[in-house]
Amino acid sequence: MEPSLDAAMSVIKKYAGNSFPKVGMILGSGLAPLADQIVNPITIPYQALGLSTGTVMGHASLLVFGTIKDVPVVCLKGRLHLYEGASYESIRTLVRIVKHLGAHSLLVTCAAGSLRKDVGPGEVMLINDHINFQPGNPLVGPNDESMGPRFVNLEDAYDPGLRKTFATVASRMNMPVQEGVYLSTLGPCFETPAEIRAFKTMGADLVGMSVVPEVIVARHCGLRVVGVAAITNLAVGMSEEKVTHEGTLQYADIAARKLVKIIPEFIHEAKAELCA
C-alpha cells in the first residue's frame, strides 16, 4: 500500500510546524555531512512518516528542516533504494513531500562511479542527462493529475540554468566541475567490466544505483532539478583498484568536503532561480 502523503504531512506539521522550504535536497552515500550545514535543524525519521527506513551505511533516513544561507530547505538525509526492497510508492511520497511543503527546486546528490579517466575518485560531476536502467518507471499506473501530467517531458530534466550557476560558483571557488550523463542500474551488484564497456558505448559518463526515479517524480510534479555526483571510483575494468562500498564512502567523503563548500554558496547565488 502506498504511504499516505496526507498522513506524512500531518506528522511533519506536528513536529516542524508551518515550515515552508523553498529547496529540497537528497543526500547520497557518504554525503550526510552536507546536512550539517543546515541552521536550526528539525529532524523527523522516515519511519515516523510511515515510510521505509534505509538499510545502507551512510543513509540515515531522516527528514531535516532548517536554513542554508537564510534559504529555507528540507533535506532527505539518506535515500531509499529499490535494491533494498523499497517501493516506488515510498520514493514517490518522499519527493512529493518536498513539493507539498512548498519547495520549487530539488538538489539531488549521489555517489557514482566514473566512466571517464579524466574525472577520478574524489571529483565532482554535474549530471546533465540520464539513461534509465532501473526496472520500470515510478509513474507507471494511474496518473495523479493533481501532481502532474500523464506524459512528462524529460528533455531538460536537469535544469540548464541551475547547472550553469552551479558550475560558475564551483569555478569561482577553484573547484571546477565537469558535466556528464548518469546511467542508473538496479544494483546492489557493482557492474561487470562488459557492462561498463557497453555503457560507455551508449554515452554514459558515470554510473550509480539511484537518482533517476527521484528525478522523474520531481519533474512530474514540477520541481526544477539540479543533480551532482560525488565520484567514488573509476568503474570496474578501468583501474586496478577493486570497487567496494567502503571505498565508495571514503572517496565520497573527499568529494563531500568540496560539496560542503560549494552547495551553500550555490544556494545563496541561485536563490532567485531555486525559489521561483
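Below is a table of values for the structure above.
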| read-out | value |
| --- | --- |
| Qualifying residue in segment 257-268 (condition: of a type in the set (A, V, I, L, M) and more than 17 Å from L106 (Cα to Cα)) | no |
| Residue in segment 206-225 that is free of Cβ contacts under 8 Å to residues at least 60 places away in the same chain, assigned to a loop (DSSP other than H, G, I, E, B) and within 16 Å of Q134 (Cβ to Cβ) present | no |
| Residue that is nearest to V11 (Cα to Cα), among those in segment 79-89 that are surrounded by fewer than 23 Cβ atoms within 10 Å (Cβ to Cβ) and touching a helix residue (DSSP H, G or I) at 6+ places or on another chain (Cβ under 8 Å) | Y88 |
| Residues located in segment 197-238, provided they are over 19 Å from I91 (Cα atoms), at pLDDT 95 or above and not hydrophobic (A, V, I, L, M, F, W, C) | R197, K200, T201, G203, D205 |
| Odd one out for A111 among (1) assigned to a helix (DSSP H, G or I); (2) closer than 27 Å to A8 by Cβ; (3) among the small types (G, A, S) | (1) |
| Single residue of L206, L186 found to be buried (at least 23 other Cβ atoms within 10 Å of the Cβ) and either under 20 Å from S239 (Cβ atoms) or of a type outside the set (G, A, S) (or both) | L206 |
| A7 being surrounded by fewer than 21 Cβ atoms within 10 Å (Cβ to Cβ), in contact with a helix residue (DSSP H, G or I) (Cβ under 8 Å, 6 or more places away or on another chain), closer than 30 Å to F133 by Cα and at pLDDT below 95 | no |
| Any hit, segment 75-90, residues being in a helix (DSSP H, G or I), touching a strand residue (DSSP E or B) at 6+ places or on another chain (Cβ under 7 Å) and under 30 Å from P142 (Cα atoms) | no |
| S146 over 15 Å from P121 (Cβ atoms), small (G, A, S), without any contact (Cβ under 8 Å) to a residue 60 or more places away in the chain and assigned to a loop (DSSP other than H, G, I, E, B) | yes |
| Residue tally, condition surrounded by fewer than 20 Cβ atoms within 10 Å (Cβ to Cβ) and touching a residue at least 60 places away in the same chain (Cβ under 8 Å), over segment 10-31 | 3 |
| Which listed residue is part of a loop (DSSP other than H, G, I, E, B), touching a strand residue (DSSP E or B) at 6+ places or on another chain (Cβ under 6 Å) and either more than 26 Å from A272 (Cα to Cα) or among the β-branched types (V, I, T) (or both), from S29, S52 | S29 |
| Flag if K200 is in a helix (DSSP H, G or I) and without any contact (Cβ under 8 Å) to a residue 12 or more places away in the chain | no |
| Residues of segment 117-155 classified as closer than 18 Å to A230 by Cα and among the polar types (S, T, N, Q), total | 1 |
| Any hit, segment 167-178, residues being among the polar types (S, T, N, Q) and part of a strand (DSSP E or B) | yes |
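The values are calculated or read from the model by the stated rules, or taken from the named source; none is laboratory data. If you're wondering where the values come from, they're calculated on a predicted model, not measured in any experiment. Counting neighbours? That spans all protein chains shown, and the Cβs are built from the backbone with ideal geometry, glycine included.
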